[in-house]
């Protein structure tokens, strides 16, 4: 029995045993294709198809959206998503493809959308049939998110949208986008409004999606151009001019600090999926000859590896301490560190792996002699996506310094 | 055995931690601490043991010195997580007293089986004690000691004995015919001479203690085994002290950079100051989580205690160095002066950093556990 199972309510306990037995019979099995490290790097229809089928079957079984009301396609349960997540991860399932949908769009639409929109869009979001993407960043609005310029102009009861969004993961598969738009040019924050807009059904009719290629050579994120896209006013979330407040709901959930738990599965071990963690780092050190001995016998490398092992365990124990109020001084202090710490630990872990590989770290995915299939140099490059996206590490430090420690707001 | 989700940090532990925090705030605010221990700034000052015995007696009366003593031996028998909470608050106050040395002895005595019971009884009655187990080189290995036991008598010198002039007893390790054994010796025993060290840390005292033909009865034949068993708790408790002291340094520095203005802005407005202070906070939180994890492992998953305690003290030693260095730096010129209270904690943290093994020492041991010994 897992630690958390001991604390289950009767509803959770019953649900847990249901999840467990369902997962036993319905694991989707080995993927037919190489899967990228995270769903944000899904590149092919084949990868997506396999993952969408998994999400659909988990949704149909009631393991996704458990805590949302039934009217919007949820399970109507209380604090059960956590249970489903634990069981899905314990069962070593593939990850869910509609991550932006579930982690950011669903809570935002749920808290701020009109009833009809929620009922129409959320069921297909949870089932994974509709992939969602997020339109926040723009060429001139990165860390200073509130300076977005993509403009929505009112024409009757419709809105006409023009502008340019970037770094839009999954847009090439997406049916819908949550989008932060400017509706008033004279006020920076109060001039923002938040919408849901169609993507795939509007391609060629006001929407263009173009892939951006990452430093790794992978695609997965895009730029999205809007030229006179027309959307109905019912797709506006919350009041006009309240876009910034709505965006805070999105960001809160993105940082794992929101009210609603995000559906999450994972843990599937496959040859092609290589997690950036210290267990794999130590494995690499034990297998890599370096200067006439194994890398794991080099005192300096051992020390570097141990530093990472300790930080990784520290982050894991932060997650645990998060649930013990008597051992915290400020409720947001640990949640707001997650993204900063997780991304920087992953980056440093990958950097040490590249150092261990030495000359052979020059070999990439296409080279048959590349150690671990070239995954470590790729993970190292990809780690910069993590320290930049969703608020750079520098912005995270501003947030922590200002909101938690109360220091004066930086410009 | 599995660890409980909440580290086993229950209501009693929370209550103890909370009341300790209030107690130290009320009894020994920092200005009073400074007045008590920092009267003589001269670098060549004579070693002194400056502390408030009345407050200590109140702590004894509250039962805090016997929290770790098992109930069977007349103590309170609280789990290590609760003890860590108490010591975190002690560290936050940089409070001078022999609580941590006494707790350390308690864990070693508890590892001695029935042989340790009588000495544990002394602690349960309010007596204090300190470990006298380190050689002149400052080795943290439990098999290294410069003291010998021959013909029923101890001879030799134990070094780096913490708070030696505040305690009633020493728990001494010595080379005997059977290996390293342990002995419970009263400070007043004939042949015991305490030579105080002139140390930097103003919140503690330290000494080398020489034993000349001191009559002693062996407590445990396998002394290094008992010490090895107790060390995870000893490291964890010290790491808790570091967390408390680091939090004081962080909050004090944040207050300062929020008040002090340069270039028309509070210092904390500037990211060159703000971001490293966030890094101090992140480092403290890592250590704090690792401390309660290690404590919980000692309480309920002993087979993992050694690994997790090495992690806790390795992380804590880094926290000690980082929190203290940044605090002096961001206090600027005033932080470099004796009148600014930061130096009290700076010095305590530098002492904490190396005590019972620094970060590199613990990481080396951890690597041995996780990667195996280095091939010849």
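The values are calculated or read from the model by the stated rules, or taken from the named source; none is laboratory data. From a predicted model like this one, the values you see are computed outputs, not experimental measurements. Because the Cβ atoms are built from the backbone with ideal geometry, glycine has one as well, and the counts that use them run over all protein chains shown.
Residue A:71 meets each of the listed conditions (1) under 20 Å from residue A:176 (Cβ atoms); (2) surrounded by 18 or more Cβ atoms within 10 Å (Cβ to Cβ) apart from (2). The listed residues are A:149, A:134, and the only one of them that is under 18 Å from residue A:226 (Cβ atoms) and surrounded by fewer than 24 Cβ atoms within 10 Å (Cβ to Cβ) turns out to be A:149. Among the conditions (1) in contact with a strand residue (DSSP E or B) (Cβ under 8 Å, 6 or more places away or on another chain); (2) in contact (Cβ under 8 Å) with a residue 60 or more places away in the chain; (3) surrounded by fewer than 20 Cβ atoms within 10 Å (Cβ to Cβ), the only one that residue A:265 does not satisfy is (3).
Among the candidates B:88, B:117, B:125, B:71, the residue that is in contact (Cβ under 8 Å) with a residue 12 or more places away in the chain, surrounded by fewer than 23 Cβ atoms within 10 Å (Cβ to Cβ) and closer than 30 Å to residue B:28 by Cβ is uniquely B:125.
With respect to residue B:237, is the statement that it is within 14 Å of another protein chain (Cβ to nearest Cβ) and crowded, with 24+ Cβ neighbours inside 10 Å true?
In short, no.
In this structure, residue B:328 does not qualify as surrounded by 22 or more Cβ atoms within 10 Å (Cβ to Cβ) and more than 14 Å from chain A (Cβ to nearest Cβ). Take the conditions (1) without any contact (Cβ under 8 Å) to a residue 60 or more places away in the chain; (2) closer than 27 Å to residue A:52 by Cβ; residue A:190 misses just one of them, which is (2).
Limited to the range A:213-231, what total is found for residues that are surrounded by 13 or more Cβ atoms within 10 Å (Cβ to Cβ) and part of a strand (DSSP E or B)? Lay out the reasoning, then the answer.
Residues of the range A:213-231 surrounded by 13 or more Cβ atoms within 10 Å (Cβ to Cβ): A:214, A:216, A:218-227, A:229-231.
Then drop every residue that is not part of a strand (DSSP E or B), which leaves A:221-227, A:229-231.
The qualifying residues number 10.
Here residue A:360 passes the criteria (1) within 22 Å of the chain's Cα centre (by Cα); (2) over 24 Å from residue B:314 (Cα atoms) except the one numbered (1).
So, residue A:46, is that one free of Cβ contacts under 8 Å to residues at least 24 places away in the same chain and either surrounded by fewer than 20 Cβ atoms within 10 Å (Cβ to Cβ) or in a helix (DSSP H, G or I) (or both) or not? Let's see the steps before the verdict.
On the way: free of Cβ contacts under 8 Å to residues at least 24 places away in the same chain: yes; either surrounded by fewer than 20 Cβ atoms within 10 Å (Cβ to Cβ) or in a helix (DSSP H, G or I) (or both): yes.
Considered against the rule, which asks whether it is free of Cβ contacts under 8 Å to residues at least 24 places away in the same chain and either surrounded by fewer than 20 Cβ atoms within 10 Å (Cβ to Cβ) or in a helix (DSSP H, G or I) (or both), residue A:46 comes out as yes.
Every condition in (1) in contact with a helix residue (DSSP H, G or I) (Cβ under 8 Å, 6 or more places away or on another chain); (2) at the interface with another protein chain (Cβ under 7 Å from one of its Cβ atoms); (3) surrounded by fewer than 18 Cβ atoms within 10 Å (Cβ to Cβ); (4) within 19 Å of residue B:5 (Cα to Cα) is met by residue A:303 except one, and the failing one is (4). Can you confirm whether the range B:169-177 contains a residue that is at pLDDT 95 or above and under 30 Å from residue B:346 (Cβ atoms)? Scanning the range B:169-177, I find at least one residue that is at pLDDT 95 or above and under 30 Å from residue B:346 (Cβ atoms), so the answer is yes. Name the residues in the range B:45-68 that are farther than 17 Å from residue B:165 by Cβ, out of contact with any helix residue (DSSP H, G or I) (no Cβ under 6 Å at 6 or more places or on another chain) and assigned to a loop (DSSP other than H, G, I, E, B), would you? Result: B:63, single match. Determine whether residue A:397 is on the phi < 0 side of the Ramachandran plot, in contact (Cβ under 8 Å) with a residue 24 or more places away in the chain and over 19 Å from the mean Cα position of the chain (by Cα). Yes, satisfied. Report yes if some residue within the range A:333-341 is closer than 25 Å to residue B:369 by Cβ and touching a residue at least 12 places away in the same chain (Cβ under 8 Å); otherwise report no. Scanning the range A:333-341, I find at least one residue that is closer than 25 Å to residue B:369 by Cβ and touching a residue at least 12 places away in the same chain (Cβ under 8 Å), so the answer is yes. Please determine whether any residue of the range B:355-363 is more than 9 Å from chain A (Cβ to nearest Cβ) and in contact with a strand residue (DSSP E or B) (Cβ under 8 Å, 6 or more places away or on another chain). Within the range B:355-363, one or more residues are more than 9 Å from chain A (Cβ to nearest Cβ) and in contact with a strand residue (DSSP E or B) (Cβ under 8 Å, 6 or more places away or on another chain).
Each row is one residue, and each column tells you yes or no for (1) facing chain B (nearest Cβ under 7 Å); (2) on the phi < 0 side of the Ramachandran plot.
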position	(1), (2)
A:326	yes, yes
A:330	no, yes
A:342	no, yes
A:363	no, yes
A:372	no, no
A:376	no, yes
A:382	no, yes
A:390	no, no
A:401	yes, yes
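Any idea how many residues of the range B:271-286 are more than 7 Å from chain A (Cβ to nearest Cβ) and either buried (at least 16 other Cβ atoms within 10 Å of the Cβ) or in contact (Cβ under 8 Å) with a residue 24 or more places away in the chain (or both)? Spell out the reasoning first.
So in the range B:271-286, the residues more than 7 Å from chain A (Cβ to nearest Cβ) come out as B:272-273, B:276, B:279-280, B:283-284.
From the residues that got through so far, the ones that are either buried (at least 16 other Cβ atoms within 10 Å of the Cβ) or in contact (Cβ under 8 Å) with a residue 24 or more places away in the chain (or both) too are B:273, B:276, B:279-280, B:283-284.
Of the residues in the range B:271-286, 6 are more than 7 Å from chain A (Cβ to nearest Cβ) and either buried (at least 16 other Cβ atoms within 10 Å of the Cβ) or in contact (Cβ under 8 Å) with a residue 24 or more places away in the chain (or both).
For the range B:1-41, the tally of residues that are surrounded by fewer than 16 Cβ atoms within 10 Å (Cβ to Cβ), within 14 Å of chain A (Cβ to nearest Cβ) and not in a loop (DSSP other than H, G, I, E, B) stands at 5. For residue A:160, the conditions (1) under 20 Å from the mean Cα position of the chain (by Cα); (2) outside the structural domain of residue A:94 (by TED's automatic domain parsing); (3) touching a residue at least 40 places away in the same chain (Cβ under 8 Å) all hold with the exception of (1).
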